[in-house]
Amino acid sequence: MSAPPPRPTSAGGSSAPSARAPPPLSRTASVPFTEPDRAVVAPAAAALHSLLATLTDMARITTHYGDASDAQLAETLASYAQQLADLDEYARDHLIDVWVPKAVVDAVDAGANPARVTQNYLESLAAENQFTNGKVVAAGRFRSALEDQLRAAFPDELAAIDQESGAVGTSDSGPAPPPAPGEESASVAANSGGKQNTNETH
């Protein structure tokens, strides 16, 4: 995977609004996640939820360990091993190529909630979008105010510039349109006649 691009900064060196931004999501060459892929992944997601529930049961049993916990722990461990085997078999039979951001994979490895990582990323993206939009609007207002002030201070000069710009735009309007088929034939005939008369004179 390619390295994530640097975050944009303003002219003064300060970064965009400091919403708690996660690492940028780096892209891969995988195909997008489609609806058929969701149908394939749904059983695996259900199996993962069951696996997490089994792990929770194991944690509860070991935390409150008692005389009857041996049989419960052995049964839970056997169920856990079987769920892992079923999940591995399902993965071997249903391999699909999907796009998973590296930041989400890292969050799962670190025990974080991948949905929360995605939400943080979208919130950061929205904040940066609003920040950039505000800069564009401010630049447009400054341009309009500057133009008004220049026209008030130098009316004759700007009028001459506008007149020259209009003249240049008219002269650079593009090449002349091609002649109609009848006009083109008449022009070719006239040129041929002129050449013939010249040859006869010589």
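How many of the residues making up the stretch 131-155 are touching a residue at least 40 places away in the same chain (Cβ under 8 Å) and surrounded by fewer than 11 Cβ atoms within 10 Å (Cβ to Cβ)? Final tally of qualifying residues: 0. One residue alone among 79, 69 is at pLDDT below 85 and surrounded by 13 or more Cβ atoms within 10 Å (Cβ to Cβ), and that residue is 69. Residues in the stretch 141-192 that are at pLDDT 90 or above and among the polar types (S, T, N, Q): 144, 149.
The values are calculated or read from the model by the stated rules, or taken from the named source; none is laboratory data. Worth saying up front: this structure is predicted, and the values here are computed from it rather than measured. All Cβ positions, glycine included, derive from the backbone under ideal geometry; neighbour counts span all protein chains shown.
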